[in-house]
Each structure stands twice: as C-alpha cells, then as structure tokens.
Amino acid sequence: MELEELNRPKIVSERLLERMTNEERRGLDWLTQILSESAKCELEPDYRIIADYSDTVDLVLDVEETMKMSIKSELNGPGFKSLAVFARSKGGGELAKSCIIARDHGKPVTDHCASFVLWSDSGFNDMPGTLETAIEEARGYSLEFIRELYAYAAEEVRRMRWREVFEYAESFGTPPRSLTLERAKLDIAMVLSDPEKRMRLDGEVEKLVWEFIYGGEHYGNRGGT
C-alpha cells in the first residue's frame, strides 16, 4: 500500500472499498481532494460529511450509506443514483432524513458525493423541496407553518408606509432569534428597504419564502432560530 493511500482519510470502510469499481475509486480520490479544499464541509469518523448550512442546522451526507444504496441499485442493472442526506440540528436531536436523486445516473456515485461538497461551498443553490422540508423538521418548524407566517408578515408590512418600513427595519438592535411574527416582519422589511431585493418580492408568496428569505444573503443564519 502506498504512503498516499495510508494518509487518505477514511471516507468509506475498507470492506466497502473492496466492492467499489475503479471508476468509483477514482471518484473517491476526487472527493477526497474536494473535501480537503472545502470551506464548508468536514469528515466525521463515521463516514459522514458534515456541511455547515447555517447557525442552527448541519446537512449530513452519509457516504457509506450512499455507496450501499448504489451497490444495491446496480444488482439488477444500472439504476438511479441517490445521495443519503440528513438535516441535523446543531443543538442535537433527531436527524431529518432526505434523499437527493442525482441528475446524471451514468456517473459513479462518488462523483455525486464530490458534487455535494462543491454544492455546499457554492451556497446550496436550487435546493430540492425534500431537503428544504428536512431542514425545517430539524429546526422544529413545518414548512407549512413558515410559509403561512411569512405570507401573513408580508401582508402586514405591505400595509405600512415607506417611512414605517424603513423605521421598522432599523428598530431592532439585535434581530429576534426565535421564529416569531416580529422576526418574519423584520425580514420582509429588510428586503423591502433594499432596492435590489425589493424587486424580488413581486413573485408569488410560495416562492419568495424560501428563495428570498431563507436563501437571501441578508439572512445569514437561514431561519432565525
């Protein structure tokens, strides 16, 4: 065994490594390189990659489980490639499970694991709805509750005069940490007081909640909890 292989972090177990194809092993080398350069992800001892999603939630890619699912799907010929991803509260508690279906099933699943790390470093753009829901479950809120809360907050803020919107946006020295109506109204007011972000609120309420409130750069911890 070469020195480079001895120093390689154990992303999968030795038993599983023996069952991997040459393509999957090359993908594993790429994953190791991408992971070593990542600003958002790190490897846990149990073959899980932890992505720092927000102040309150981590996203967990279970590489070992992902490989097992891939091997099982290939038993009856080429199958779907999917990633075993969980949302986990940083305060502890249960994992909220999700499953991400890969778009290109011709690539080895280890390539898709590397893409997850790159996706994390780029800010998790175009997040699938199943993962959004898992994140909210990890926070303790249902997506339906959040959407209703922000829809109501948007209507409240839109009834304000412009001067009142700016005053409300500046009225909090420290934004509320819990997800309350006041926090939701503050987030909407913050968007409306910014000319560039204001245009984005012309879309449907169902779309603005996640994309512009949770995904917006102005909302650093993506949830306020």
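The values are calculated or read from the model by the stated rules, or taken from the named source; none is laboratory data. If you're wondering where the values come from, they're calculated on a predicted model, not measured in any experiment. All Cβ positions, even for glycine, are placed from backbone atoms using ideal geometry, and neighbour counts span all protein chains on display.
If I ask for residues that are exposed (fewer than 15 other Cβ atoms within 10 Å of the Cβ), assigned to a loop (DSSP other than H, G, I, E, B) and modelled with pLDDT under 90, which ones from region 29-79 would you list? Within region 29-79, 45, 46, 55, 74, 75, 76, 77, 78, 79 meet the criteria. Yes or no: residue 103 surrounded by fewer than 21 Cβ atoms within 10 Å (Cβ to Cβ), modelled with pLDDT under 85, of a type in the set (Lys, Arg) and assigned to a loop (DSSP other than H, G, I, E, B)? Yes: the conditions hold for residue 103.
Look through 89, 82, 98, 120 and report the one residue that is buried (at least 19 other Cβ atoms within 10 Å of the Cβ) and at pLDDT below 90.
Numbers: 89 fails: buried (at least 19 other Cβ atoms within 10 Å of the Cβ); 82 fails: buried (at least 19 other Cβ atoms within 10 Å of the Cβ); 120 fails: at pLDDT below 90.
Going through 89, 82, 98, 120 in turn, the sole match is 98.
Note on region 125-145: residues that are surrounded by 14 or more Cβ atoms within 10 Å (Cβ to Cβ) and either among the acidic types (Asp, Glu) or in contact with a helix residue (DSSP H, G or I) (Cβ under 6 Å, 6 or more places away or on another chain) (or both) total 5. Within the set 148, 136, the sole residue that is among the charged types (D, E, K, R), modelled with pLDDT under 85 and more than 29 Å from residue 50 (Cβ to Cβ) turns out to be 148.
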